[in-house]
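One structure is given here, and the rest of the page talks about it.
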Amino acid sequence: MERKEKLYEGKAKILYLTDEPDKVIAYYKDDATAFDAIKKATIKGKGELNNTIASYLFEYLNEKGIPTHFIKKLSDREMLLYKVEIIPVEVVIRNLAAGSIVKRLGIPEKTEFNPPLVEFYLKNDELHDPIICEQHIYAMNLATPDEVQQMREITLNVNELLKDFMKENGIILVDFKLEFGRKDGKIILADEISPDTCRFWDAKTGEKLDKDRFRFDLGDLIEGYKKVLEKFKKE
Ligand code: TMP
Ligand code: ASP
């Protein structure tokens, strides 16, 4: 598979075209941002860790029948993906209260949401990714009701699969963010699933192993991400 010109550069990844029109290569950078890129850093080794963790999780979800854009891991920092038209809606699902919901609504951290809480955010850095409801999605023609239903269903299914998978590996899946794309008229899971986009807590110690380490200066980010990967392999 030949890597061709750059298609798009995001905050943590670069997408490249390939010699096949329906496939792209994602290259995972070492850049970390938080709070709409107000906080920025380059953290050596983050790209490799996220590419490895995301490949692992996408492979698992593919095996379980979840439609995703992931084809295969190509190298330390690269994965091969189906090209999709990204829907500019971020879907967040929460099992336990943490992060913005604690700050915004005053819900105490660790409050359990049963059933899990699904939220939609507009993917727009200039507007600071505001929270939106389904009606906004339709008013702005971002997705159809059928597509929203598919995104919600896939998100709930991914949550059940990943929650069990993480539990077996000694990790509490607190919350995560998904993005979806259209391919051949169907909705498939896109973007990445990694400690950049999920909250992972150590089930024994409660230690935060995800990007909150960078957001709130809780400790070395690489050390946390490495612990996540080691847990996948060991426990
Ligand atoms: P939040 O509590 O800050 O709203 O984050 C909820 C989840 O979504 C958390 O696992 C981190 C993830 N997330 C992203 O992947 N990208 C983002 O831009 C934000 C704000 C959160
Ligand atoms: N997407 C956010 C940013 O760019 C990062 C985050 O909080 O996850 O700054």
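The values are calculated or read from the model by the stated rules, or taken from the named source; none is laboratory data. Because the structure is a prediction, the values reported are computed rather than measured. Don't worry about glycine lacking a Cβ; one is built from the backbone with ideal geometry, like all the others, and counts go over all protein chains shown. Note: accessible area is taken over every heavy atom of the protein model, side chains too, but ligands, DNA and RNA are not part of it. Shrake-Rupley method; radii C 1.70, N 1.55, O 1.52, S 1.80 Å.
Would you pick out the residues in region 205-223 that are without any contact (Cβ under 8 Å) to a residue 24 or more places away in the chain and aromatic (F, W, Y)?
F216
If you scan region 19-33, which residues turn out to be closer than 16 Å to L74 by Cβ and either part of a strand (DSSP E or B) or under 16 Å from the mean Cα position of the chain (by Cα) (or both)?
Passing the criteria: K23, V24, I25, A26, Y27, Y28, K29.
Looking at (1) touching a residue at least 24 places away in the same chain (Cβ under 8 Å); (2) more than 16 Å from ligand 2 (Cβ to nearest atom); (3) over 27 Å from M79 (Cα atoms), which is the one condition that is false for H128?
H128 satisfies all of (1) touching a residue at least 24 places away in the same chain (Cβ under 8 Å); (2) more than 16 Å from ligand 2 (Cβ to nearest atom); (3) over 27 Å from M79 (Cα atoms) except (2).
Scan region 217-235 for residues that are part of a helix (DSSP H, G or I) and touching a Lys or Arg at 6+ places or on another chain (Cβ under 6 Å) and jot them down.
Answer for region 217-235, where residues must be part of a helix (DSSP H, G or I) and touching a Lys or Arg at 6+ places or on another chain (Cβ under 6 Å): L221, G224.
Is it the case that region 186-198 has a residue that's free of Cβ contacts under 8 Å to residues at least 40 places away in the same chain, assigned to a loop (DSSP other than H, G, I, E, B) and either at negative phi or out of contact with any Cys (no Cβ under 6 Å at 6 or more places or on another chain) (or both)?
Within region 186-198, one or more residues are free of Cβ contacts under 8 Å to residues at least 40 places away in the same chain, assigned to a loop (DSSP other than H, G, I, E, B) and either at negative phi or out of contact with any Cys (no Cβ under 6 Å at 6 or more places or on another chain) (or both).
Against the definition (within 30 Å of D184 (Cα to Cα), acidic (D, E) and part of a strand (DSSP E or B)), how does E90 come out, yes or no?
Yes; evaluated as a whole, the condition is true for this residue.
Looking at the structure I just gave you, is D36 within 20 Å of the chain's Cα centre (by Cα) and either open to solvent by 40 Å² or more (accessible area, probe 1.4 Å) or modelled with pLDDT under 95 (or both)?
When the stated conditions are applied, D36 passes them.
Looking at region 152-175 only, could you name the residues that are away from ligand 1 (no atom under 15 Å from the Cβ) and not in a loop (DSSP other than H, G, I, E, B)?
Once the filter is applied, which keeps residues that are away from ligand 1 (no atom under 15 Å from the Cβ) and not in a loop (DSSP other than H, G, I, E, B), region 152-175 yields R152, E153, I154, L156, N157, E160, L161, D164, F165, K167, E168.
Among the residues of region 51-66 satisfying the criterion of being open to solvent by 20 Å² or more (accessible area, probe 1.4 Å) and part of a helix (DSSP H, G or I), which is farthest from ligand 2 (Cβ to nearest atom)?
Ranking the qualifying residues of region 51-66, first place goes to E63.
So, of the residues in region 176-225 that are open to solvent by 20 Å² or more (accessible area, probe 1.4 Å) and among the aliphatic types (A, V, I, L, M), which turns out to be nearest to ligand 1 (Cβ to nearest atom)?
Top of the filtered list is L218.
Please tell me if V148 is surrounded by 14 or more Cβ atoms within 10 Å (Cβ to Cβ) and outside any strand (DSSP E or B).
Spelling it out, V148 is indeed surrounded by 14 or more Cβ atoms within 10 Å (Cβ to Cβ) and outside any strand (DSSP E or B).
Go through I71, I107 for me and flag whichever is touching a residue at least 12 places away in the same chain (Cβ under 8 Å), farther than 21 Å from F214 by Cα and either open to solvent by 50 Å² or more (accessible area, probe 1.4 Å) or in a loop (DSSP other than H, G, I, E, B) (or both).
I71
Give me a count of the residues in region 200-216 that are within 15 Å of the chain's Cα centre (by Cα) and not in a loop (DSSP other than H, G, I, E, B).
So the answer is 2.
Hey, does region 40-50 have a residue that's part of a loop (DSSP other than H, G, I, E, B) and open to solvent by 50 Å² or more (accessible area, probe 1.4 Å)?
Within region 40-50, one or more residues are part of a loop (DSSP other than H, G, I, E, B) and open to solvent by 50 Å² or more (accessible area, probe 1.4 Å).
Among (1) open to solvent by 10 Å² or more (accessible area, probe 1.4 Å); (2) among the hydrophobic types (A, V, I, L, M, F, W, C); (3) touching a Phe, Trp or Tyr at 6+ places or on another chain (Cβ under 8 Å), there is one condition V228 misses while meeting the rest; what is its number?
Going through (1) open to solvent by 10 Å² or more (accessible area, probe 1.4 Å); (2) among the hydrophobic types (A, V, I, L, M, F, W, C); (3) touching a Phe, Trp or Tyr at 6+ places or on another chain (Cβ under 8 Å) one by one, V228 breaks only (1).
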